[in-house]
Each structure stands twice: as structure tokens, then as C-alpha cells.
Amino acid sequence: MSRPAGPRPDESGPGQPSDIPAALAMACRTAPWAVAFLFLTAVYVGGAPVISAWLTKILLDSITGSSSDGLHHLLAPAMGLAAIGVVSALLPHATGYAANYLSRRVKLAIRDRLFTKVGDLQGLAQLEDPPFHDRLMLAQQAGSESPGQILTGLLGLLQAGITLVGFLVTLTVLSPGMASVVVAAVIPALLAERALNRRRAGLRWRLGPTERREMFYTDLLRDLRAAKEVRLFGTAGFLRDRMLGELRTINAATDRLDRRVLRTQGSLSVLSAVVAGAGLVWASHAALSGRFTVGDVAMFVASVAGTQGALAGLVRSLSTVHDSLLMFGHYQVVMATASSLTVPATPRPVPPLRHGIELRGVWFRYGDDQPWILRGVDLFLPCGQATALIGHNGAGKSTLVKLVCRLYDPTRGQVLWDGVDLREFAPAELRTRMSAAFQDYTCYDLSVSENVGLGDISALGDHMRVTAAARRAGIHDFIDGLPRGYETLLSRMFQDMDSNDPASGVLLSGGQWQRVALARAFLRDERDLLILDEPSSGLDAEAEYEIHRHLTQYRAGRTSLLISHRLGTARDADRIVVLSDGRIAEQGVHRELLAMDGVYSRLFKLQSRGYREQSTVEPEPTL
Ligand SMILES: Nc1ncnc2c1ncn2[C@@H]1O[C@H](COP(=O)(O)OP(=O)(O)OP(=O)(O)O)[C@@H](O)[C@H]1O
């Protein structure tokens, strides 16, 4: 359960009292009337017990006749107590509503800000960083509640403070000694709660990776895509054991903490009970010796109980504030996270591509402790030409694409757009000039129309454009034949619970999904650069031929970068580039590369031979 390096939430900067104003400001901005109501309620609830105790004393002394005022004034305290009782009975419902309302509003605001921030982190580096993921998860889960909890915790402090001052004054009037004993008994509680809070926060942080693994195994066990392998390889038991193992680790650690809480809070409760019991004995003795009236005894008992209750409330509220601050700290850290990509204060506008994209002396690795993936790549992607990039698995082809899309910056060297370093542009604007079908494209559990339309948000709902893109990807006829055409949901996940209509959602084959992803890329028509990373790996021979034909037509005169292991697809490119060991090993047209008798030639011949040996069909080599 060791934790990767990174600041611990209980010891580092995040979650400090200096974060309180930010949390309060958020609560006040999102639900001002609820905050005002909760504040007034806290003041009332804080003062009510003290006033009740005094009214009770007056009432009892009037009844027993030990008060000089006698029975004449019975009615006023009785009515006062009744009024306090009515208001106190109503308030919990109203405060409950106000607190929930506040919590919902704050949650919405935090989600909004949090995921705007995540969207603004233009690169991929943070999303690949496990501690960042843990922080994001905590910020999203507990962090969204925290401003409301900090506010209610602070109001709890105010409320307990008012009650405490009222009862302490009363207790001091009755018995200064007893007042000091009650206060002294609470100091250990304050220290113990503080220590427990630190432990809770530390545990939550340390358990992050274990919880992530537990979630991974759980998701795998219910994932439809994994279900085939899980059943065929009989790995369900193995995965379940792993999941339970992680859960046991979490349970054991939580259980240890719970036992500590039990011991600590149990001891503190005994201490409070002993102090209250001793106080009662002392008050009874004082009454017997005539120093206390009946009302004084009632008031003393109420004061001791009230002081202890208020001190316990104080400790609880402090604990809530402390705990919530730590969670809010995660939110603050995420919000303060700088993008892994530097964006100039005044980025240059991205002009239409006129000459080409150049990688100049590009070295890249995913982290300082990671191996070099690209080692001094010099490559020019000329405007208006189709370039094919080929190479062995792991050669760095997709990595190179990520640099061209500026999802990462080169560790050394530059990527230039018509001679201008990509770092001088705003990444989002740069990407509007590109379209891409990635190797690991996304399958959205949305309708076909939306799955394609997400390629260009402005085309969402533009049926003409969506169908044109689908036609180009060779999937239109299939979609047209679906029960709800383009409105068919490509998922069974959100099927209407009340409807047994199986047509409300359909599942696609791998190749069909790939065509949908291609249609999405094609929707971004007229972009300056089209990137296709293994666009036809899942297609059948006929479909691949069709797509290939379309692609060749589509790419003619456009700037495109195609990655493919199917050398038959790559051979028509204006230029073929071979990436090997992180360097450009060869480049030229198909004929030149064959004549070079290098890597490309060897691979092409190898693949062609494979096809010839297997059949007499036209060879379609793959790498
Ligand atoms: N996010 C990442 N963090 C660390 N290493 C990575 C990451 N992504 C890729 N790599 C590593 O970079 C190397 C190149 O991967 P890349 O995906 O660029 O290869 P590729 O040429 O596209 O391979 P393939 O043909 O199999 O798709 C691989 O060794 C891979 O393990």
C-alpha cells in the first residue's frame, strides 16, 4: 500500500486554513440565501439551550416557591420554553433543506470548474499521472461537497461557541471550579480528533492506488468487451480474487483506523461521563446543604451537559472543517495545476498550411526516467501531399502523431507549422486545423448521428453532413438499415428500462466501429491536415479496398499522414517514411524504397510472399 511520490494531503500545502475564504466565497456565490439562513439558524440554535436552561430554572424556582418572584411569573417562562420548543422542532427540517440545497449547488459549481479545468489541460501528461488521477477523483467525490461542509462546520463552530460561552458563564457563576474541570476535560478530545483527522486523510491518500486497482478489476468483471476473454480463458475467478484481495487490503486498513477511533472516542466519552457524574453528585450535595435551589441544580445539570455537548460539537465541527479542508485542498491543487503544455500569453493565430509541417531534430521521451522514443527525427510533411509512416510495433509512429497534434511537446527539437514552432500557437486553435482517426478511437455510447457528429460539434444535427461523412466511410447503407437509422443508440447501456424494445440500442462489430470513427474524422472536412492512424486495421478485405479507394481520392491534393501496417495501403502515398529505432531510416516513393533494398523492401517482400504462399489473390501486405 505504498504511495507514489507526491505531497501527502495531511502534511503539505493543500487543505490549509488559508483555503477557507475560497470555500466560503464559493458557497456564498452559489447559494447566498441558504448561507444567510444557515448563519441565522446557527446563532439561534447556539443561544436557544442557554435561554432554555435559564427559563427552566425560573420556572422550577417559581413552582417550588424558592424564587422571590413566586408563581405570578410562571406563565412567561413557560410560554418562552414552548416557543423555543416549537421553533426548535421546525428548524431541523428547514436547515436540512437549506444544507442540501447548498450542497447540490456547490457540487454543480465544483463539477463545472473542475472539468473545465481538466479540459483546459491541453496535453495528455497529467491524465497519465496516477497521483493526479487520485487527486481528481477525491476532488470530484469528496471535494464537491467540501465547501458546503466547511461552511456548515464553521457555522457549527459558531453555534457551539455561542452555547459554550452562555453555559460557561452560567457554570462559572454557579461553580468556577467545575467550569475549569469541564473545559480541561475537553482538551484531550480536541488533540485526539485532530490526530484522527490526519490519519483519516493520510489513509484515504495512501489507499488511492489500491482503490484504483480494485475498481479496475471490478470494471473488468462487468465489462462487455472483456467478457469474451474472461469467459474463454476462465479468468473470472482470478480477477475476482484480485478484486477481493484489494478490497481486503482496503478493509484491513480502514478497520485498523476504525478500531483506533473506537478506542479514542470511547475513552473520551467515559471521561465526559465521569466529569458529568461527579458534577451531579457535587450539585446534589450543594442542594442538600442549602447552597443550591432546585432551579440551580437543574441549571447546573443543564450547564454541564450543555457545556460538554457544545465542546463535543466544537470538536466535531473542527473535525468537519479540517477534514473538508483537506478534501477541498485536492480541488484547489487540481485547479492550480499548470498545463503540461506552455501556451503563450498572446498566441499567434494559426494560418492555413501553405508549405508543410516539419519535425526538426525531435527527441522525445514520456518522462525523465523513460527511454527515448524518438531520437533526432527530421521529417517534412509537405502541404498537399500524402505521407505514409510505417515501422515496427513500438517504433514511435503514434508518438510522432501525438507531437504533431501537440498533445505533447518534444523533449528536444521543434515541430514547425509553416516554419512556426507549434508552441507559439494555442493548442485548441491548432487542432481545429486537423482531423484524425486514431488507432485507439473512442466508441461513444451515443446515437450514430452523435458518434459521427462529435467530429465537428457544429455539424451535430446537420444530417446532410453526417450522412456525407458516413457515405465516405462506407457505413451509410448499414446505418440506414438500422431500426432507428442515424438515431439508433450504439449501446445497450442506456436502454430504456421500461422498454423491452431491443431495437433501441445496437452493438457494432469492430470494423463497423472503425468506419464510424473514420466518418467522424471525415466530418472535419477541409482541415489542413488529416491523420489516419491504422484506419483500416479492423476492416474486411472488401471494405478495406473500398475505404482505401475513397481515402486515395480524398487524400489527393490534401496534406495527410497515414500510419499503416498494411503496406499495400501505404504504397500509393506520395512519400513513404520508415521509422525505426526512433529515427527516420528510409523515405521515398514505393519504387525508390524497393530499389533501396532496405527495411521497407524487406518488409514488403516478406509480406507479399506471405500472401502469395497463402493464396493467389492480389497481395495485400501487412506489417
Ligand atoms: N503514454 C505513454 N507513456 C509511456 N510510454 C509510452 C506511452 N505511450 C507509448 N509509450 C511507449 O512508446 C513506445 C512507442 O509507442 P507508439 O505507440 O508510438 O508506437 P507505434 O509505432 O505507434 O506502435 P504500434 O505500431 O504498435 O501502434 C512504446 O514502447 C510504448 O511503450
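The values are calculated or read from the model by the stated rules, or taken from the named source; none is laboratory data. Computed from a predicted structure; not experimentally measured. Don't worry about glycine lacking a Cβ; one is built from the backbone with ideal geometry, like all the others, and counts go over all protein chains shown. Remember, those area values only see protein heavy atoms, side chains included, never the ligands or the DNA or RNA. Shrake-Rupley method; radii C 1.70, N 1.55, O 1.52, S 1.80 Å.
Structure values in brief
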item	result
Solvent-accessible surface ranking, highest first, for Arg549, Arg412 at 1.4 angstrom	Arg412, Arg549
Region 543-595: relative contact order as a whole-number percent, Cα under 8 Å and 6+ apart	21 percent
Contour excess over end-to-end distance, with Cα ends at Asp477 and Gln141 and 0.36 nm allotted per residue	116.6 nm
For the chain: relative contact order, % (alpha-carbon pairs under 8 angstrom, 6 or more apart)	15 percent
Label-point separation in nm, Asp540 to Arg212, each point 7 Å along Cα→Cβ	4.1 nm
Debye, to nearest 20: dipole size of the chain, +1 on Lys, Arg Cβ, -1 on Asp, Glu Cβ	1100 debye
Antiparallel DSSP beta bridges within the chain, percent to nearest 5	55 percent
From phi via Karplus (6.51, -1.76, 1.60), per-residue ³J(HN,Hα) for region 390-395 in Hz, x at Gly/Pro	10, x, 5, 4, x, 5
Amide N of region 351-384 lying under 17 Å from the label point, which is placed 7 angstrom from the Cα of Gln439 along Cα→Cβ	364-366, 371-375
Estimated D of region 434-526 in µm² per second, where Rh is the Kirkwood radius over Cα pairs and Stokes-Einstein applies at 10 °C, 1.306 mPa s	121 µm²/s
Extension gain from Val506 to Phe115, taking 0.36 nm per residue of separation minus the Cα-Cα distance	137.8 nm
Efficiency of FRET between Leu606 and Arg412 - r from beta-carbon atoms, R0 35 angstrom, step 0.05	0.55
Value of relative contact order over region 434-526, rounded to a whole percent, pairs C-alpha under 8 Å and six or more apart	43 percent
Among 310-319, 39-48, the order from most to least packed when residues are scored by Cβ within 10 Å on average	310-319, 39-48
Vicinal HN-Hα couplings computed from phi for region 575-592 (Karplus, 6.51 cos²θ - 1.76 cosθ + 1.60; Hz; Gly/Pro x)	8, 10, 10, 9, 9, 9, 6, x, 10, 7, 8, 8, 7, x, 8, 3, 4, 4
Amide H within-cut-off set for Ser580, under 5 Å, with H built and near neighbours excluded	Ala585
Distance from region 129-166 to region 205-270 (C-alpha centre basis), Å	26 Å
Surface accessible to a 1.4 Å probe, Arg602 within the full protein complex, Å²	130 Å²
Percent of beta bridges antiparallel (DSSP, region 510-596, rounded to nearest 5)	55 percent
Point-charge dipole on Cβ atoms (K/R +1, D/E -1) for region 434-526, about Cα centre, debye to 20	320 debye
Listed residues Glu128, Glu450, Glu542 arranged by accessible area, highest first, probe 1.4 Å	Glu542, Glu128, Glu450
Computed lengthening from Cys28 to Asp369, 0.36 nm per intervening residue step minus Cα-Cα distance	118.2 nm
Cβ crowding within 10 Å averaged over residues, with 376-389, 433-446 ranked highest first	376-389, 433-446
Pair-distance profile P(r), taking every C-alpha pair of region 231-347, with 10 angstrom steps and integer %	10, 18, 18, 17, 15, 11, 6, 4, 1
Charge dipole (debye, nearest 20) of region 115-262; +1 at Cβ of Lys and Arg, -1 at Cβ of Asp and Glu	360 debye
In Hz, Karplus ³J(HN,Hα) per residue of region 475-484 (6.51, -1.76, 1.60; θ = phi - 60°; x = Gly, Pro)	10, 4, 4, 4, 5, 4, x, 6, x, 10
For Ser447, residues with placed amide H under 5 Å, excluding near neighbours	Leu490
FRET efficiency, 1/(1 + (r/R0)^6) with R0 41 Å, evaluated for Ala595 and Glu424 via beta carbons	0.55
Probe 1.4 Å, all protein chains present, accessible-area order of Arg200, Arg484, largest first	Arg484, Arg200
Space enclosed by the convex hull of the alpha-carbon atoms of region 267-422, per residue, Å³	219 Å³
Inter-site label distance for Ala83 and His133 at 7 Å from Cα along Cβ, in nm	6.0 nm
Per DSSP, loop GluC sites (Glu not before Pro) in region 154-252 with at most 11 further Cβ within 10 Å	none
Cα-derived Rg to Rh of region 165-249, Kirkwood definition	1.50
Cβ-Cβ FRET estimate between Ala36 and Asp255, R0 fixed at 45 Å, reported to 0.05	0.60
Amide H partners (placed H, <5 Å) of Ile563, local residues excluded	Leu389, Leu532, Asp533, Glu534
Region 166-260: chymotrypsin sites (Phe, Trp or Tyr not before Pro) falling in loop per DSSP and having at most 12 other Cβ within 10 Å	Phe233
With DNA, RNA and ligands ignored, accessible area of Thr342 (1.4 Å probe; Å², nearest 10)	90 Å²
